[in-house]
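Written out below as structure tokens is the structure these notes cover.
No lab work stands behind these numbers, since they all come straight from the coordinates. In this text the structure is predicted, and so the values were computed from the model without any measurement. Because the Cβ atoms are built from the backbone with ideal geometry, glycine has one as well, and the counts that use them run over all protein chains shown.
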Amino acid sequence: MNGCKNRLSRSATSVLLGALALLLVVPATYAQTPNVLVDASYLGHPQVNQRVRGVVDIDIRDGSRLRSVTWEQIAGAPARLTPLANNAVRVRLANAAAYRAHLIEVLSEFPIPPEPPVPAGDDDEYSGGLQDRWQVVAVSPLALEDAETITLQVTVLTTSGEYKATVDVSVALPFGIATGLKNVPINQPVLLYGKDQPSYNWTFASKPFASDAVLMAANTRSPYFTPDASGVYEVQVNDTGAKMPVTLTIYAGTWRGVITGQASNGDQIADSTCTNCHNGTIAPDKFTPWAASGHSHIFTDNLNTSDHYGTNCFSCHTVGYDPLHANQGMDEAPDYAAFLASDLLHGAAPGNWTTMLREFPAAAKKANIQCENCHGPQVIANDTSPAHGLSGVAVGEPRISLSADLCGSCHGEPLRHGRFQQWQLSGHANYELAIDEGQNGTCARCHTVNGFLEWVPVLLGQVPGKDPGDSVQVTWSEDETHPQTCVTCHDPHDVGTTTGVGTDAKIRITGKTAMLDAGFQANGVGSGAICMTCHNSRRGLRNDKTFAGLTDPDRASHPGPQADVLMGQNAFLVTTGVRGRHSFIHNTCVTCHM
């Protein structure tokens, strides 16, 4: 009984209590009317393939008579329900394979139910989820929460009507929140996924000498393993369609951290081991913009100012925080326990961060959102990870992803941090279109993040001799193609300091556009400049063209001429060049559409 479409029906309170699974009796949501009060809960400690008992308390206040009590499952991995005496129900939770299959299902479907609902049998309703590729699976917080939770509904029928209540039951799956990178921490299970084909034969082509890791469910589309030693794991499988083996090279290591102090302006000082190379000469200087960004200050600012900050925020706001797995994250710093025992988390004070740097430097080294949060752990066998680009391994792919999944590992926890789900429901998440257009060097400039990032330096005049109208060189395959993801618009190393209302998140093109393919330049349009870069009529039509001169229908305006309409350009039969009033709204497109 598949309940994916009803995932948002549960309450935040019951999700939290169900996830803890520490209490013998767990209260849940209830429905209350003037006539009958129904309160559903469960007894037991939820675990995969184990039993719990659903119980219901019925308070009939209108004098009506009880006719029946019916339990059913309305969401989650399929459980087996058996009615018991006293209107209770025995719930046999699904096995590990069913929960893993449900996680894959959650990752493949709409993050929230679409309105209106997609017609049954429509196979093309959503392309923004888990892709048909050989990959390490990324898992957002919401997806993991959904996969771990089943929702039970009890229906009470009396002579006065029907009354319902629900209760959520959550288990702890072995899989954690994951970025989808091939650079992973040790001791946390890594979930893999393959292309759709009749059979699978996943094996280790190689693994570290000290590793006893075993590939679980190796004959399925979604196997997994736990890297138990630092090093390189090569996982191989036959691609039956291409008739050739595919190898996923996965680097497993431990967390390092880079913060060693604080500059006079309040920005973080990074370990000189890193900045000696990342200085703009040997390697790009990513530390200077990062040090002033919200990523590098989020822990610092909350420690200094928030009265409700705590360890539930650390999985995103620090490096490697994960009490369930040993991999040298912040929670394993030698002074972490002493930091928790101090007063720093118990009351906001402007000097808390300075105190932490001085008294708990090992924990502070892994505080805030750093390089490793987005690029994976840096240390393998007490040395620099070869995934970083040393030891003869090329820089890039294991540590870098253009996918929105990476950002979604933190920005995918509604309600406050649900940017990832908003993106998934947008037209920008259209993988089908990106794949269709992504191998054309002209179309890919707007229809893929791959092409757009190649195009931006040319647009901004940073590549001498390059014409912005030229095609970009396609160096990526279909399986490496992504649509317009977070990093299309945002440089994650230079992200501003404030999110939500009053955001100052940085974007790659702002204020004015370059000369657009539509034949004009938009000035004074704020953040909307990056939208207009693609959302214009393109294809060469200009203001001096008329219907009489349009002899080639293929040269008609390209769909999406929003910039033309807003700026009063390229119109027929009306005066052109007069900006619409909406074009003078602060940040134009973004003010209304974000």
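Shown for the stretch 250-313 is the translational diffusion coefficient from the Stokes-Einstein equation, using the Kirkwood radius over Cα pairs, a temperature of 25 °C and a viscosity of 0.890 mPa s: 181 µm²/s. For the stretch 243-376, a crude dipole built from +1 on the beta carbon of Lys and Arg and -1 on the beta carbon of Asp and Glu, taken about the Cα centre, is about 460 debye to the nearest 20. Fewest neighbouring Cβ atoms within 10 Å first, the residues 209, 204, 360 line up as 209, 204, 360.
Estimated translational diffusion coefficient (Stokes-Einstein, Kirkwood radius over Cα pairs, 4 °C, 1.567 mPa s) of the chain: 48 µm² per second. With K and R counted +1 and D and E -1, the other residues having a Cβ less than 13 Å from that of residue 311 yield a net charge of -2.
Restricting the trypsin sites (Lys or Arg not before Pro) of the stretch 223-326 to loop positions (DSSP other than H, G, I, E, B) with no more than 12 neighbouring Cβ atoms within 10 Å leaves 243. Residue 137 sits among other residues whose Cβ lies under 13 Å from its own Cβ, and their net charge, with Lys and Arg +1 and Asp and Glu -1, is +1.
Straightening the chain between residue 219 and residue 96 buys 42.8 nm, computed as 0.36 nm per residue apart minus the Cα-Cα spacing. Relative contact order, whole percent, for the chain stands at 10, derived from Cα pairs under 8 Å and 6 or more residues apart. For residue 269 and residue 66, the FRET efficiency from 1/(1 + (r/R0)^6), where r spans their Cβ atoms and R0 equals 56 Å, is about 0.25. Evaluate E = 1/(1 + (r/R0)^6) for residue 439 and residue 467, where r is the Cβ-Cβ distance and R0 equals 25 Å; express this FRET efficiency to the nearest 0.05. Computed FRET efficiency for residue 439 and residue 467 comes out at 0.75.
Extension gain, residue 281 to residue 234, is 13.6 nm, computed as 0.36 nm per intervening residue step minus the present C-alpha separation.
Taking the helices alone, the chain has a mean residue ellipticity at 222 nm of -5000 deg cm²/dmol, built from -39,500 (n - 2.57) per DSSP H run of at least 4 residues and averaged over all its residues.
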